[in-house]
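Let me begin by presenting the structure, written as structure tokens, before commenting on it.
Nothing in this text is a laboratory measurement; each read-out follows from the coordinates by a stated rule. Just so we're clear, the structure is a prediction, and the values are computed from it rather than from any experiment. Using ideal geometry, Cβ is built from the backbone for each residue, glycine included, and neighbour counts are taken over all protein chains shown.
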Amino acid sequence: MTVLRSPGSVAGPGQRAGWVPVRIISAVIGVLLALCSLALLGAGGVALWASSTQRHGGDIDLGTWAYRSTGYAVVSSTANLCGATGGLPAPPSLLGTVRISVTPAPGAGPVFAGIAPASAASHYLAQVSYDTVRGITHRHVSYVGHAGGAPATVPARAGIWAARAAGPGAQTLTWPDRGGNWTVAAMNADGSRPVAVRISVAASLPSLGWIAAGLLAAGVLVLAAGLALIAVPARHAASHRT
């Protein structure tokens, strides 16, 4: 005798009713993907906003920091140019042209700013008292101090600089960022101590628009995948409720 069952009352032999483990796992993964998509969409939105509204003369301001040294120079680390000057390591294809503006403290004399190969800068400063920038936060700059005396020659005569500028007021270095280890140095033009400057960093960031588009597209795709992983098991679970 054939027994008739109402639709959805009991799961058939090939059906799995309710929120079985595989559906729960799918939904959890979907939620995680949806959360990840929010991070991608947020980052893409910020990048698009910066590329569209924060350019001044074609460059985007990466920040300004005040530096001080009781020695004869303030220098960047030797890891990479922008990782040292602004705490923002990035590949050259992203940075494009970097502009570094060095301004002496009020009442201070002429300032010197230079970019040199890291090895040459280390040789020039080998016996000099100076400070290396170790890290930068929103309110604080930390240093590693180096003991020594005065430089043997004023910085302008050192002959090691790939780019340099010296004089009263703000001095700007324009640098097409490239590979290799470089050191940025700020000194008093006469080689005296102490050193107190403000350094502003800006970059053209030619790829920022494309990066924003890529992040937004990835965010939309990840969000769609997450919603699908949530919706499909939810629909099947609902269809097999008793």
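For region 59-203, the equivalent ellipsoid built from the Cα gyration tensor has semi-axes of 21, 16, 15 Å, listed from largest to smallest. Extension gain, SER122-THR153: 0.36 nm per intervening residue step, less the Cα-Cα distance, totals 9.7 nm.
The 3J(HN,Hα) values that the Karplus relation (6.51, -1.76, 1.60; θ = phi - 60°) gives for region 97-107 are, in residue order, 8, 9, 10, 10, 10, 10, 10, x, 5, x, x Hz. Gly and Pro appear as x. In sequence order, region 210-222 has phi-based couplings of 5, 5, 4, 4, x, 5, 5, 5, 4, x, 5, 5, 5 Hz under the Karplus curve 6.51 cos²θ - 1.76 cosθ + 1.60, θ = phi - 60°, and Gly or Pro positions carry x. Electrostatic bookkeeping for VAL74 treats Lys and Arg as +1 and Asp and Glu as -1; over the other residues with beta carbon under 13 Å from its beta carbon, the sum is +3.
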